[in-house]
Amino acid sequence: MKQTVALGLFSGGLDSILACRVIAAQGIKVVALKFVTPFFDYDLLAKKDEYTAEVERKYGLDVELVNLSEGYLDLLRNPTHGFGKNFNPCIDCKILMLTRARELMARYNASFLVTGEVVGQRPMSQRRDTLRVIERDAGCAGILLRPLSAKLLVPTRAEQEGLVDREQLYGFSGRGRKPQMALAKALGIKDYPNAAGGCMLTDGNLGGRIEKYYAGAYTPDSQDISVDDVNLLLVGRQFLLFDKFWLVVGRDEKENDRIASYWRPGDWLFEMTTHPGPTALLRLGDAQIEGHRKEEVVNAAAGIVVSYSKKVNGEAIPAEVTVTTGRGRVSQMYKPLAGSKLQLWRIE
Ligand code: SF4
């Protein structure tokens, strides 16, 4: 007999682990889909094999990474269902993930989808009426099974057709975690994360930065936001000089390397040559300079770089910085910038 296949939305949190395992326990092959975007879990793309082996070892699940970046960057412009407390468009985010999962069903020959949603667990995205909206807008009516709350919801097609035994599903609701913890114990799942993973959009500071970017505060072409722009937004110390020039300064060697790797033609790169200190990138310097004195902007940016360089007797000292712009590379000495300017131009 052909084995039934289901696709599970796998955040890596306990509820998603349980949902996949509860369905797998009925002899169904579950492929766990782990969506990543620059705002959450993007680093997993660089260590795919390690991650899939870890999920298999800890939870006995097959996991596939799915990069959702492209659609996600567009989604943030104007999510139909709005934002949560910060810049997190949870309802539209779930709709996008489910839509992509539904599109992937044919590739895996899957009969239905599984999520770890629990009725009433989250104020915005897991209210009973919201669950229905998410299902409808993702085109998943009848094919989306939520094993942890299934007994409180209308039976799905998989239950009606006997692919899944509804009796072996659950009726969890609300914010309490005890039933999930007891189920984890019963299934022998021990090593699971306590809290939901780090979605940067729910973070007041980082989410705020991203929101400002979309509002056009950092570059004139925020409509063309790329994965690189987001990565640059989420690294280092951030500055907006003269209300216009977006400068990102590394805090350690790893960040310096990352920042340098985001350079593209038209950006200005600042590197310390003789004295230890940060690397910085001023995005779109060539395009933005019209109407400003280049020397003033370069002095300010290089001054910030020097301000964060290695101190001598507790003080930043003048040091050489190599500046790469569209017109070539120039190295010269720059003075540290006054602390008041640093504060004025720093973005939280
Ligand atoms: S917290 Fe982030 S990843 Fe989770 S649903 Fe909301 S926007 Fe999506």
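Which numbered condition in (1) under 19 Å from the mean Cα position of the chain (by Cα); (2) away from the ligand (no atom under 13 Å from the Cβ); (3) surrounded by fewer than 19 Cβ atoms within 10 Å (Cβ to Cβ) is the only one that A101 fails?
Looking at each condition in turn, A101 falls short on (3).
Taking the criterion of being at pLDDT below 90 and either touching a strand residue (DSSP E or B) at 6+ places or on another chain (Cβ under 7 Å) or within 23 Å of I289 (Cα to Cα) (or both), would at least one residue in the range 197-208 satisfy it?
Within the range 197-208 (the criterion being at pLDDT below 90 and either touching a strand residue (DSSP E or B) at 6+ places or on another chain (Cβ under 7 Å) or within 23 Å of I289 (Cα to Cα) (or both)), the answer is yes, since at least one residue qualifies.
Under 6 Å between Cβ atoms, at least 6 apart or on separate chains: pull out the pairs that start in the range 82-94 with a residue that is at pLDDT below 95 and end on any residue that is more than 7 Å from the ligand (Cβ to nearest atom) and in a loop (DSSP other than H, G, I, E, B).
Close Cβ pairs satisfying both conditions: G84/M124; C90/M124; I91/H81.
Testing G60 on (1) in contact with a strand residue (DSSP E or B) (Cβ under 9 Å, 6 or more places away or on another chain); (2) free of Cβ contacts under 8 Å to residues at least 60 places away in the same chain, one condition comes back false. Which one is that?
It fails just one condition, (1).
Could you list, in sequence order, the residues of the range 220-235 that are touching a residue at least 40 places away in the same chain (Cβ under 8 Å) and either small (G, A, S) or over 18 Å from Y72 (Cβ atoms) (or both)?
If the condition is that a residue be touching a residue at least 40 places away in the same chain (Cβ under 8 Å) and either small (G, A, S) or over 18 Å from Y72 (Cβ atoms) (or both), then P220, D221, S226 are the ones that fit.
Going by the conditions given, is G82 within 13 Å of the ligand (Cβ to nearest atom) and closer than 25 Å to T202 by Cβ?
yes
Only one of P265, P193 is modelled with pLDDT of 90 or more, surrounded by fewer than 19 Cβ atoms within 10 Å (Cβ to Cβ) and either of a type in the set (K, R) or more than 22 Å from D74 (Cα to Cα) (or both). Can you tell me which?
P265
Just give me the residues in the range 149-168 being within 17 Å of G27 (Cα to Cα) and crowded, with 23+ Cβ neighbours inside 10 Å, in sequence order.
Listed by number, the residues that qualify are A158, V164.
Give the residue, chosen from G204, G216, that is surrounded by fewer than 14 Cβ atoms within 10 Å (Cβ to Cβ) and within 16 Å of the ligand (Cβ to nearest atom).
Among G204, G216, only G204 is surrounded by fewer than 14 Cβ atoms within 10 Å (Cβ to Cβ) and within 16 Å of the ligand (Cβ to nearest atom).
Condition check ((1) touching an Asp or Glu at 6+ places or on another chain (Cβ under 7 Å); (2) within 14 Å of the ligand (Cβ to nearest atom)) across all residues:
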| site | (1), (2) |
| --- | --- |
| A53 | no, no |
| F87 | yes, yes |
| I91 | no, yes |
| L96 | no, yes |
| M105 | no, no |
| N109 | no, no |
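Name the pairs whose Cβ atoms lie under 7 Å apart, with the first residue in the range 281-301 and touching a residue at least 60 places away in the same chain (Cβ under 8 Å), the second among the small types (G, A, S), and 6 or more positions between them or separate chains?
Final answer for the pair search is L284/G266; A287/G266; A301/A280.
Within the range 123-180, how many residues are assigned to a loop (DSSP other than H, G, I, E, B) and away from the ligand (no atom under 16 Å from the Cβ)?
The total comes to 23.
The values are calculated or read from the model by the stated rules, or taken from the named source; none is laboratory data. No experiment lies behind these values; they were computed from the predicted model shown. Note that each Cβ is placed from the backbone with ideal geometry, even for glycine, and that neighbours are counted across all protein chains shown.
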